[in-house]
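**Student:** Pasting in a structure now, in structure tokens, and then I'll have a few things to ask.
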């Protein structure tokens, strides 16, 4: 690439300033000088035309390939994690649902409750002294433990009740298992987002 | 999940990071979910093609997972992560000696006719090529500010530069890009 063209327009305006103005999306916010200057107006219009594909690219939706997450998760998950399964009996056979599926369902539904900033349904690795089976499933029942960081200022008792109700409903809908106990641990409170 | 306009929540990231450093792979998994789009998008714009961006994104997260213990916490998680992705992209290109990026833009969402679609596609390809063809030091600044909409101060922290240098490099990148696009118009 070779940089071409003058640094200043005949009116004395700095070309880089005009390019920055266009690239920052401020072409319409003209200065009093630009309002009366044909050189600046022509340059702004030309740069806007040239810059349009960059703007389009910036606004273009980018979809992350699904495989990325799977690959990373496989690489970081510890080998010793044993899956338990919930069982649903149907006339045509058994459906087995891994406790991990229940845990992910619980986490995602908890994250969507207003006031929740981050949720984990599998906080401690299973090898610790006090293993926390986060989503233990037995037969058609599930017991879930969720650890949370929430926004400071919420009524925590009411928030926990809302999370419990939301998670229970979601577990029933998604997995068909019956949540018999949902333990909520408010681990931290965070400053509200600016 | 709550967050600012770009969906970022540094305080929640710090909480998750603390859990991840305590050994919770689930906490790290949540961090990956939260940041995968930004990391992939930076890699895509830096490298100009999806296959390389996918490889680099995977490597970045695995490298971050193995390096968690060494993360001093002096910067935010995203700053640390974005620094890794920029460095990975630059070393990826050095290793592969890519002289001509192979653009493969997302399918254009347009209702225009086939001819117009082809022209749009060519313009998009030319733009991707032009960005990926910027000199590395200018490209990193351009991608972080223009594509990720990070402030001068954030870009400066990620690339360990002064804000004045960021502004200077951004202006040069924009000028070069505009000259390149002029040749295509």
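**Student:** Among A:179, A:192, which is the only one that is assigned to a loop (DSSP other than H, G, I, E, B) and touching a strand residue (DSSP E or B) at 6+ places or on another chain (Cβ under 7 Å)?
**Tutor:** A:192
**Student:** Hey, does region B:155-168 have a residue that's surrounded by fewer than 20 Cβ atoms within 10 Å (Cβ to Cβ), assigned to a loop (DSSP other than H, G, I, E, B) and either within 12 Å of chain A (Cβ to nearest Cβ) or in contact with a strand residue (DSSP E or B) (Cβ under 6 Å, 6 or more places away or on another chain) (or both)?
**Tutor:** no
**Student:** Turning to a different aspect of this structure: Would you confirm whether any residue within region B:75-82 is at pLDDT below 80 and assigned to a helix (DSSP H, G or I)? Outline the logic, then answer.
**Tutor:** Within region B:75-82, the first condition is being at pLDDT below 80, and the residues that meet it are none.
Scanning region B:75-82, I find no residue that is at pLDDT below 80 and assigned to a helix (DSSP H, G or I), so the answer is no.
**Student:** Being more than 9 Å from every other protein chain (Cβ to nearest Cβ), within 8 Å of the chain's Cα centre (by Cα) and either surrounded by fewer than 24 Cβ atoms within 10 Å (Cβ to Cβ) or not in a helix (DSSP H, G or I) (or both) is the filter here; which residues of region B:38-68 pass it?
**Tutor:** Residue satisfying the conditions is B:38 alone.
**Student:** Give the residues of region A:5-39 that are within 14 Å of chain B (Cβ to nearest Cβ) and part of a helix (DSSP H, G or I), sorted by residue number.
**Tutor:** Correct list: A:15, A:16, A:17, A:18, A:19, A:20, A:21, A:22, A:23.
**Student:** Take region B:18-32 and flag every residue that is within 8 Å of chain A (Cβ to nearest Cβ), part of a helix (DSSP H, G or I) and over 14 Å from residue A:65 (Cβ atoms).
**Tutor:** Once the filter is applied, which keeps residues that are within 8 Å of chain A (Cβ to nearest Cβ), part of a helix (DSSP H, G or I) and over 14 Å from residue A:65 (Cβ atoms), region B:18-32 yields B:19, B:25, B:26, B:27, B:28, B:29, B:30.
The values are calculated or read from the model by the stated rules, or taken from the named source; none is laboratory data. Predicted model, so just to flag it, every value in this text is computed and none were measured. Note that each Cβ is placed from the backbone with ideal geometry, even for glycine, and that neighbours are counted across all protein chains shown.
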